[in-house]
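The values are calculated or read from the model by the stated rules, or taken from the named source; none is laboratory data. Because the structure is a prediction, the values reported are computed rather than measured. Every residue, glycine as well, gets a Cβ built from its backbone with ideal geometry; the counts of neighbours run over all protein chains shown. Heavy atoms of the whole protein, side chains included, go into the accessibility calculation; ligands, DNA and RNA do not. Shrake-Rupley method; radii C 1.70, N 1.55, O 1.52, S 1.80 Å.
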Amino acid sequence: MLRYVGRRVAGLALVLLIVLTLVFFMLRAAPGGPAEAYLGMNPTPEKVAEVERRLGLDQPIWVQYGTFVGNLLAGDFGRSLFSDRPVIEIIAERLPVTLELSLIAFVFWVAAGLLAGAVAARKRDSFLDGCVRVISVIALSIPSFWLGLVLVVVFGLYVQGVLPSSGWVRFGDDPLENLRGVILPAFALGLGSGAIIARTLRASMIDTAQADYVSFARAMGMPERRILRRITARNAIIPTATVIGLMLGVFISGTVLVENVFNLPGIGQTIVAAFKQHDYPLAIACTLITATVFLVTNLIVDLLYFVLNPRIRAGFLNGTAR
């Protein structure tokens with residue numbers, strides 16, 4: 001088990017290095033640069049050269065890469081090229097907004113998806129099951145950014161005063177206003193993911209209910225409610241857990257669009273501004289944070305298999321699983 005975790009952590013570090021390398025060189029290959037963004041339109045070559053020298057961008061690109069990676073390994077994410085503030089300080093300010101939005105949306109939509117999927121499977125081919133399937137298809141067909149724009153227009157122009165359509169109030173300043181402000185972004189962010197979870201659990205529970213061991217439990221006289229709780233739901237949740245783990249990464253990455261639509265000062269809005277301004281250290285740091293959350297989430301889901309699936313646990317204990 002420890003060997004498996006060690007291999008996964010090493011693979012995670014390798015993937016992060018690849019992401020860092022790709023983002024580093026792709027940013028520098030993009031048209032324009034920090035000097036042009038800093039100086040505005042039609043800067044003179046002399047001023048561009050002066051800004052690049054001051055920012056250390058006049059050195060060979062491999063030297064810049066080696067310096068950046070070395071500083072990163074030492075825990076130094078660098079300073080923003082425009083605000084001249086430490087990148088880690090900017091992330092510490094913006095990350096709580098993204099995490100709060102993502103976690104609230106994640107918890108609500110996972111609970112809603114699991115409940116809807118379980119009810120639809122339990123009432124298969126009923127009117128309620130049909131409603132769940134139709135609503136989930138509609139939810140999957142609506143892009144989160146388009147839904148966000150619709151909500152901004154509706155609650156900003158036609159239903160004013162009910163829920164704020166933009167802006168952010170920190171939880172420490174006003175908890176109630178903070179929770180009111182997160183409702184619309186969380187709804188737009190997680191609607192499609194909740195539909196995926198509901199459809200996945202429904203299909204998995206229906207397949208599990210047709211398994212031989214479920215038929216055997218019924219033949220032995222086990223109550224239907226106990227079969228549903230102890231056998232069907234327990235085995236159906238295993239493939240659903242994979243989807244839920246992937247959805248957490250989707251929630252984090254989806255904030256890039258939602259935060260910009262609702263004007264929320266989180267990592268998503270920060271990373272868009274950093275790429276537009278060619279703020280290399282800030283853009284790379286935000287990308288690494290997002291990738292790290294996604295990869296760590298997948299690692300946790302894989303480890304949960306050890307708890308949820310007795311066969312995988314037995315394989316680890318017998319030394320047959322790798």
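General observations
- In this structure residue 65 has an accessible area near 40 Å², from a 1.4 Å probe over the protein heavy atoms.
- Neighbourhood net charge (13 Å Cβ-Cβ; Lys/Arg +1, Asp/Glu -1) for residue 206: +3
- About its Cα centre, the chain has a charge dipole of approximately 1720 debye under the convention of +1 per Lys or Arg Cβ and -1 per Asp or Glu Cβ, with nothing else charged.
- With the Kirkwood sum run over all distinct C-alpha pairs, region 205-292 has a hydrodynamic radius of 16.3 Å.
- All-pairs alpha carbon distance profile, the chain, 10 Å steps from 0, percent: 5, 20, 25, 23, 16, 7, 3, 1, 0
- What a 1.4 Å probe finds exposed on the chain is 66% carbon and sulfur by accessible area, rounded to a whole percent.
- Accessible area of the chain divided out per residue, in Å², using a probe of 1.4 angstrom: 55
- Three principal axis extents of region 92-206 based on alpha-carbon atoms, in descending order, are 47, 33, 21 Å.
- The chain: relative contact order as a whole-number percent, Cα under 8 Å and 6+ apart: 24
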